[in-house]
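Structure first, commentary second.
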């Protein structure tokens with residue numbers, strides 16, 4: 001049974017929930033709710049400067065709260081809140097359709113940034129992709145997860161990604177590379193568990209947010225797409241951190257119904273390339289990726305998808321075999337096509353409509 005924990009009245013008021021209004025039946029035509037932006041839906045947005053703190057977790061960033069760049073005076077992105085007893089407050093921005101319906105489907109939106117940066121893009125993600133999908137009928141949540149600015153060169157404006165360095169400088173004989181690979185892996189798992197905790201938070205507060213606890217999807221770009229894969233395939237690995245009052249840390253309440261994203265995969269944790277985490281009962285995914293992407297290896301994306309299909313899972317992948325574009329830069333010129341792919345995927349997998357054709361597995365680019 002889902003726990004319905006009360007939250008602050010000010011938050012509930014900001015959401016504009018009306019309650020006691022049954023959702024309309026799913027449309028039967030090829031267009032409409034969940035597929036197309038509706039002109040009568042005007043999303044209610046969390047103010048940029050007033051995010052909602054939903055939980056907290058132990059800090060993993062050695063530079064948290066400090067000046068990152070010696071001599072520049074540049075502070076950590078977006079003046080993140082102070083640690084509380086060593087824990088980092090985790091925040092989110094919401095895009096609520098404010099359409100009078102209850103039991104809406106939720107999309108958790110995750111920013112990119114190589115698990116090092118990107119927190120300062122969360123409000124913009126809510127007001128762009130979050131708002132567009134809210135106008136289709138989904139409640140959007142742009143969610144913070146822990147990042148790590150371990151690599152901090154002087155005189156630069158943003159820290160480079162430790163995980164990107166690990167991918168670009170692979171040398172299993174180098175002790176520094178091995179050490180940093182382990183740190184990168186731990187940071188990715190920490191972020192994964194943050195997202196899983198927010199899934200549990202939504203389920204525990206489903207009534208207040210007017211969402212259906214059995215219709216939750218995760219989507220993102222770059223590192224956010226990696227996290228969508230991790231959340232889809234690693235729901236049993238929830239860790240031992242309690243993020244909010246009443247957090248049950250259960251695998252069942254950490255599971256999502258769908259994952260999607262641009263330029264992301266499930267990274268293997270061993271040199272054989274085997275992906276043991278994908279198996280029966282995991283969530284379906286829908287992805288786009290470019291073969292010559294320099295930030296996320298296309299082979300990782302293709303192998304994740306093929307492994308999922310071999311396990312009997314739905315795994316959509318639209319591949320751009322002549323492109324080197326990454327994440328939002330790949331999404332932008334292919335936006336209409338991708339939105340059609342993702343909205344049909346979500347409407348089908350969240351069981352929102354009955355007129356969506358079955359997915360046909362696309363071939364991957366030659367590896």
Task: Cα-derived Rg over Rh, computed across segment 198-296 with Rh taken as Kirkwood radius - done: 1.00
Open item on the list: Give me 109, 177, 54 sorted ascending by neighbouring Cβ count inside 10 Å, so fewest comes first.
Closed with: 177, 54, 109
Task: Calculated P(r) of segment 9-349 - Cα pairs past 34 Å, % - done: 21
Task: Ordering of 321-330, 338-347, 214-223 by packing [mean C-beta count within 10 Å, highest first] - done: 214-223, 338-347, 321-330
TODO: Write down the radius of gyration of segment 117-225 and its Dmax, each obtained from C-alpha positions, in Å.
DONE: 17.1, 53
Task: Fewest-first sequence of 91, 234 by Cβ atoms within 10 Å of each Cβ - done: 234, 91
Task: From the C-alpha gyration tensor of segment 252-367, square roots of 5λ in Å - done: 21, 20, 12
- [ ] Sort 174, 148 so the one with the fewest other Cβ atoms within 10 Å of its own Cβ comes first.
- [x] 174, 148
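FYI, it's all coordinate maths here, none of it is from the lab. Keep in mind that this is a model prediction, so the values were computed, not measured. Methodologically, a virtual Cβ is constructed for each residue, glycine included, from the backbone with ideal geometry; neighbour enumeration extends over all protein chains shown.
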